[in-house]
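One structure is given here, and the rest of the page talks about it.
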Amino acid sequence: METRGGARRAWALGLLTGGLFAAWLVPLGMTVVWPDGPWWGSVLTGLCAGTVFGAVLGPAITRTEREMWRACAEDLTWPEFRAAARASRSGRVPPDPRLHAAATRLAVYQLAQHRRRRRSTVIACALAAGVSALNAVLGNVIGLFGAGGVVIVAGVFLHERVRLSRALLRLREDSPA
């Protein structure tokens, strides 16, 4: 039931997410944040920030997948696990009873995790939106976009509980008795 290649997967996800973050941050730094500065300063900042971002996010994503895999409590292959994960989020009942049971357990686990992280996420989003809005008031109009983005992220996060609850209800309604 243990995921295979966990360290390799963490490295791959870290390189991918860090690279994407750096690819987004470098042009932003060159055009908006530091338009009159040297180009190499934006590149160096983007590479350093991308490295840190990937080093944190790669292992975090892998650890989350491993915990979800354990929550399934079934001996599943990777494609079966992905199918159960999709079913746990959508509520579509898989034809295989093992996958159905795993999807139901996974939906319960995800809902419990969401409830556990709700308060800290809302507080962090409120602080980030407040700082971004204050930045916009102090003269940096980009802060307004940041505040709007954080509010959208918070709204999507809060709606996730509703979506997970509905999916769990659908999975339990169609449960083989």
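The values are calculated or read from the model by the stated rules, or taken from the named source; none is laboratory data. Here the structure is a predicted model, which is why all the values come from computation and not from measurement. Cβ sites come from the backbone with ideal geometry, for glycine too, and all protein chains shown count toward neighbours. Heavy atoms of the whole protein, side chains included, go into the accessibility calculation; ligands, DNA and RNA do not. Shrake-Rupley method; radii C 1.70, N 1.55, O 1.52, S 1.80 Å.
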| message | If a residue must be open to solvent by 30 Å² or more (accessible area, probe 1.4 Å), within 18 Å of Glu160 (Cα to Cα) and hydroxyl-bearing (Ser, Thr, Tyr), how many such residues does region 71-103 contain? | response | 1
| said: Which condition from (1) open to solvent by 70 Å² or more (accessible area, probe 1.4 Å); (2) over 30 Å from Ala73 (Cβ atoms); (3) free of Cβ contacts under 8 Å to residues at least 60 places away in the same chain is the one that Ala133 breaks? | reply: (1)
| query | Which of (1) farther than 29 Å from Phe145 by Cα; (2) touching a helix residue (DSSP H, G or I) at 6+ places or on another chain (Cβ under 7 Å) is the odd one out, the single condition Arg70 does not satisfy? | reply | (2)
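Would you confirm whether any residue within region 115-124 is open to solvent by less than 30 Å² (accessible area, probe 1.4 Å), under 25 Å from Ala71 (Cβ atoms), assigned to a helix (DSSP H, G or I) and touching a residue at least 24 places away in the same chain (Cβ under 8 Å)? Spell out how you get there, then give the answer.
Taking region 115-124 and keeping what is open to solvent by less than 30 Å² (accessible area, probe 1.4 Å), we get none.
Checked region 115-124: no residue is open to solvent by less than 30 Å² (accessible area, probe 1.4 Å), under 25 Å from Ala71 (Cβ atoms), assigned to a helix (DSSP H, G or I) and touching a residue at least 24 places away in the same chain (Cβ under 8 Å).
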| Conditions: (1) of a type in the set (S, T, N, Q); (2) open to solvent by 40 Å² or more (accessible area, probe 1.4 Å); (3) in contact with a helix residue (DSSP H, G or I) (Cβ under 9 Å, 6 or more places away or on another chain). Ser165 meets all but one. Number of the miss? | (2)
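Here are some residues: Thr62, Thr45, Thr51. Which one is part of a helix (DSSP H, G or I) and either aromatic (Phe, Trp, Tyr) or at pLDDT 90 or above (or both)? Before the answer, list the steps.
On the way: Thr62 fails: either aromatic (Phe, Trp, Tyr) or at pLDDT 90 or above (or both); Thr45 fails: either aromatic (Phe, Trp, Tyr) or at pLDDT 90 or above (or both).
Being part of a helix (DSSP H, G or I) and either aromatic (Phe, Trp, Tyr) or at pLDDT 90 or above (or both) holds for just one of Thr62, Thr45, Thr51, which is Thr51.
Looking at region 16-50 only, could you name the residues that are within 30 Å of Asp75 (Cβ to Cβ) and among the aliphatic types (A, V, I, L, M)? Talk me through it step by step, then tell me what you get.
At the first step, the residues of region 16-50 found to be within 30 Å of Asp75 (Cβ to Cβ) are 16-17.
Of everything in region 16-50, just one residue is within 30 Å of Asp75 (Cβ to Cβ) and among the aliphatic types (A, V, I, L, M), namely Leu16.
Have a look at Val141, Val156 and point out the one that is over 19 Å from the mean Cα position of the chain (by Cα) and surrounded by fewer than 13 Cβ atoms within 10 Å (Cβ to Cβ).
On the way: Val156 fails: over 19 Å from the mean Cα position of the chain (by Cα).
After applying the criteria, what remains is Val141.
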| query | Looking at (1) under 22 Å from the mean Cα position of the chain (by Cα); (2) in contact (Cβ under 8 Å) with a residue 12 or more places away in the chain, can you tell me which one Cys48 breaks? | reply | (2)
| note | With criteria (1) more than 19 Å from the chain's Cα centre (by Cα); (2) without any contact (Cβ under 8 Å) to a residue 60 or more places away in the chain, Val32 comes up short on (2)
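Given the options Arg115, Arg63, name the one that is within 20 Å of the chain's Cα centre (by Cα) and within 25 Å of Gly14 (Cβ to Cβ). Give the derivation first.
Working: Arg115 fails: within 25 Å of Gly14 (Cβ to Cβ).
Checking each option against the conditions leaves just Arg63.
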| request: Could you check how many residues of region 1-42 are open to solvent by less than 60 Å² (accessible area, probe 1.4 Å) and not in a helix (DSSP H, G or I)? | output: 4
| query | Taking the condition modelled with pLDDT of 85 or more, assigned to a loop (DSSP other than H, G, I, E, B), in contact with a Phe, Trp or Tyr (Cβ under 9 Å, 6 or more places away or on another chain) and surrounded by 15 or more Cβ atoms within 10 Å (Cβ to Cβ), does Leu57 pass? | reply | no
